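Scroll down for the structure; my scribbles are underneath it.
The values are calculated or read from the model by the stated rules, or taken from the named source; none is laboratory data. Please read these numbers as outputs of a predicted model, since none were measured by experiment. With ideal geometry, Cβ positions are generated from the backbone for all residues, glycine too; neighbour counts draw on all protein chains shown.
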Amino acid sequence: MTAEPIAFRTTLEVSYAQALERVIGALKDEGFGVLTSVDVKKTMKDRMNAEFRAYTIIGACNPALSQRAFHENLEAGLVLPCNVIVYDKDGRTEVAIADPIVMMSTLNDPALDPVAREAKAKLERVMASLS
């Protein structure tokens, strides 16, 4: 797993379909459900007749953490759900998860810090379980 300013990521030596299944399972193990799942390849093909690699954007939600965030600041909905991307890259699969601390920091509300830290810890465990 590598860290970036906005996300943490890993490369999996499994197929895109296998990686997507593993990511969703790991999210569930940490209490996250999938609110949205956007098949970018299909969307590009359907809407623009354009070819694109296998690429999915997952909107993951942990209801208990979301409830705490909304209780502190209703604007938290601007940076939730937690975004996860899974995409094919040269026969391997890349997985990246937006860092909740970075995302929530855009709201400049210290009351959200504990929620963001807990979300990050859970999402780091998701990443660790994939490796």
Next on the checklist: With the requirement that a residue be more than 11 Å from the chain's Cα centre (by Cα), within 14 Å of residue 23 (Cα to Cα) and of a type in the set (A, V, I, L, M, F, W, C), what does region 85-131 give you?
Outcome noted: 128, 130
Item to check | Pairs where the first residue, in region 105-130, is within 17 Å of residue 67 (Cα to Cα) and of a type outside the set (Asp, Glu) and the second is in a helix (DSSP H, G or I) and modelled with pLDDT under 95, C-beta under 8 Å, 6+ apart | outcome: none
Checklist entry - Do the conditions hold for residue 68, that is, is it within 19 Å of residue 107 (Cα to Cα), more than 11 Å from the chain's Cα centre (by Cα) and not polar (S, T, N, Q)? => result yes
Checklist outcome for this item: Over region 15-33, the set of residues surrounded by fewer than 16 Cβ atoms within 10 Å (Cβ to Cβ) and in contact with a strand residue (DSSP E or B) (Cβ under 6 Å, 6 or more places away or on another chain) is 33
Checklist entry - If we keep just the residues of region 52-69 that are without any contact (Cβ under 8 Å) to a residue 60 or more places away in the chain and of a type in the set (S, T, N, Q), which is farthest from residue 86 (Cα to Cα)? => result 67
Checklist entry - If you go through region 70-81 one residue at a time, how many are free of Cβ contacts under 8 Å to residues at least 12 places away in the same chain and acidic (Asp, Glu)? => result 0
Next on the checklist: All but one of (1) of a type in the set (Val, Ile, Thr); (2) outside any helix (DSSP H, G or I); (3) without any contact (Cβ under 8 Å) to a residue 24 or more places away in the chain hold for residue 84; state the number of the condition that does not hold.
Outcome noted: (3)
Checklist outcome for this item: Considering only strands (runs of 3 or more DSSP E) wholly within region 1-74, the ones with at least 3 residues that are in contact with a Leu (Cβ under 6 Å, 6 or more places away or on another chain) and either modelled with pLDDT of 95 or more or aromatic (Phe, Trp, Tyr) (or both) are 55-61
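Picking from 85, 101, which residue would you name as being modelled with pLDDT of 95 or more and under 21 Å from residue 15 (Cα atoms)?
That would be 85, the only listed residue that is modelled with pLDDT of 95 or more and under 21 Å from residue 15 (Cα atoms).
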Next on the checklist: Pull out all pairs, ordered by first then second residue, where Cβ-Cβ is under 6 Å, the residues are six or more apart or on different chains, the first lies in region 15-38 and is more than 12 Å from residue 84 (Cα to Cα) and among the hydroxyl-bearing types (Ser, Thr, Tyr), and the second is modelled with pLDDT of 95 or more and crowded, with 16+ Cβ neighbours inside 10 Å.
Outcome noted: 16/54; 16/88; 16/93
